[in-house]
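The values are calculated or read from the model by the stated rules, or taken from the named source; none is laboratory data. These numbers were taken from a predicted model, which means no experiment stands behind them. No Cβ is skipped: glycine too gets one built from the backbone with ideal geometry, and neighbour counts run over all protein chains shown. Quick note on the areas: whole protein, heavy atoms, side chains included, nothing else; ligands and nucleic acids left out. Shrake-Rupley method; radii C 1.70, N 1.55, O 1.52, S 1.80 Å.
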Amino acid sequence: MVSLDELFSAARAIQERAYAPYSNFKVGAAIATPSGRVFSGCNVENAAYPVGSCAEAGAISAMIAAGESRIAAIVVMGEGENLVTPCGGCRQRIREFAQPDTPIHVAGPNGIRESFTLDALLPFSFGPDNLGIR
Ligand code: THU
């Protein structure tokens, strides 16, 4: 079982590596799997703006590349006054590998600021079960 402290630290560490020269808005994400592993990712922007990718997408790619496919919890770490909740696309990306009650913790530099369930952020969602998978 991965502690929330460990997940927070992983998100903070990867946030520093974000490549965000256009927005100057660095984001880090860390996923805990039920098997106790941690996978992290950061946003990677691009001169062709729409090609950039979110921190959550990077963390999910790392998880899948390692042969894992279940999200037990995720921490998203950003800066600023407003909560850095996952964007709409990333809510759907998380949905693919999580459960309705999977916690999504939103953090700032000083710690976890607020925690949501996936279902709270993406109600009435469409997922693998709609297509008869899982
Ligand atoms: N960003 C993320 O990485 N995750 C989110 O959930 C919100 C937004 C990134 C994308 C872009 O590089 C920067 O934050 C500003 O939108």
Could you list, in sequence order, the residues of the stretch 6-64 that are near the ligand (Cβ under 8 Å from one of its atoms), assigned to a strand (DSSP E or B) and open to solvent by 40 Å² or more (accessible area, probe 1.4 Å)? Val44, Ser53
Cβ-Cβ distance below 6 Å, separation of 6 or more or different chains: which pairs start in the stretch 19-34 with a residue that is at negative phi and end on one that is open to solvent by 60 Å² or more (accessible area, probe 1.4 Å) and in a strand (DSSP E or B)? Tyr19/Val44
Which one is nearest to Val106 (Cα to Cα) among residues in the stretch 65-80 that are more than 13 Å from the ligand (Cβ to nearest atom), in contact (Cβ under 8 Å) with a residue 24 or more places away in the chain and of a type outside the set (Ser, Thr, Tyr)? Ala73
Near pairs, Cβ below 8 angstrom, 6+ apart or cross-chain, from the stretch 37-61 (under 21 Å from Ala107 (Cβ atoms) and aromatic (Phe, Trp, Tyr)) to any residue that is open to solvent by 50 Å² or more (accessible area, probe 1.4 Å) and more than 8 Å from the ligand (Cβ to nearest atom): none
Criterion violated by Val75 - all others in (1) over 17 Å from Lys26 (Cα atoms); (2) open to solvent by less than 20 Å² (accessible area, probe 1.4 Å) satisfied: (1)
Are there any pairs with C-beta distances below 7 angstrom linking a residue in the stretch 114-134 that is at pLDDT 95 or above to a residue that is open to solvent by less than 90 Å² (accessible area, probe 1.4 Å) and of a type in the set (S, T, N, Q), with the two at least 6 apart or on different chains, and if so which? Thr117/Thr102; Leu118/Thr102; Leu121/Thr85; Leu122/Gln92
